[in-house]
1. Going through 33, 28 one at a time, which residue ends up being closer than 19 Å to residue 8 by Cα and assigned to a helix (DSSP H, G or I)?
2. Quick one: residue 9 ticks every box in (1) in a loop (DSSP other than H, G, I, E, B); (2) under 14 Å from residue 102 (Cβ atoms); (3) in contact with a Lys or Arg (Cβ under 9 Å, 6 or more places away or on another chain) except a single one, so which number is it?
3. Report, by residue number, each residue of the stretch 61-102 that is of a type in the set (D, E, K, R) and surrounded by 15 or more Cβ atoms within 10 Å (Cβ to Cβ).
4. Go through (1) within 17 Å of residue 101 (Cβ to Cβ); (2) out of contact with any helix residue (DSSP H, G or I) (no Cβ under 8 Å at 6 or more places or on another chain) one by one and return the number of the condition residue 40 breaks.
Amino acid sequence: MAQRRVSPPPPPRAYSDFVKKFPDLAAAWESIAAAGRKGPLSEREARLVKLAVAIGALREGSVHSSVRKAASAGINPDDIAQVIALAAGTLGMPATVAVHTWVREVLR
């Protein structure tokens with residue numbers, strides 16, 4: 001199945017406000033992000049890895065952001081659901097259910 005790519009989602013207002021106030025931090029963050037994109041992983045693979053890391057760290061905001069970006073890159077909800085399922089053995093059931101609710105909030 002071909003992935004449908006749409007425009008990247010706009011960042012949340014809190015992020016936009018933060019980077020306006022601290023442009024040097026925003027530039028440093030972009031340098032880190034650019035360095036992370038260098039390597040053999042495809043954009044799709046990198047998006048799924050970033051989602052998995054956000055899930056493993058139980059960072060709700062990062063999970064929301066990763067799901068928005070994955071969806072805009074054409075990654076389908078079934079792929080995202082599998083990442084959640086793969087994390088279940090490490091996270092445990094209560095945390096996995098919480099992550100599932102975070103993802104559903106974005107995909108609705």
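Just so you know, all these numbers are worked out from the coordinates, no wet-lab data involved. Keep in mind that this is a model prediction, so the values were computed, not measured. FYI the Cβ positions are ideal-geometry reconstructions off the backbone, even for glycines, and counts take in every protein chain you see.
1. 33
2. Of everything listed in (1) in a loop (DSSP other than H, G, I, E, B); (2) under 14 Å from residue 102 (Cβ atoms); (3) in contact with a Lys or Arg (Cβ under 9 Å, 6 or more places away or on another chain), residue 9 misses just condition (2).
3. 68, 69, 79
4. (1)
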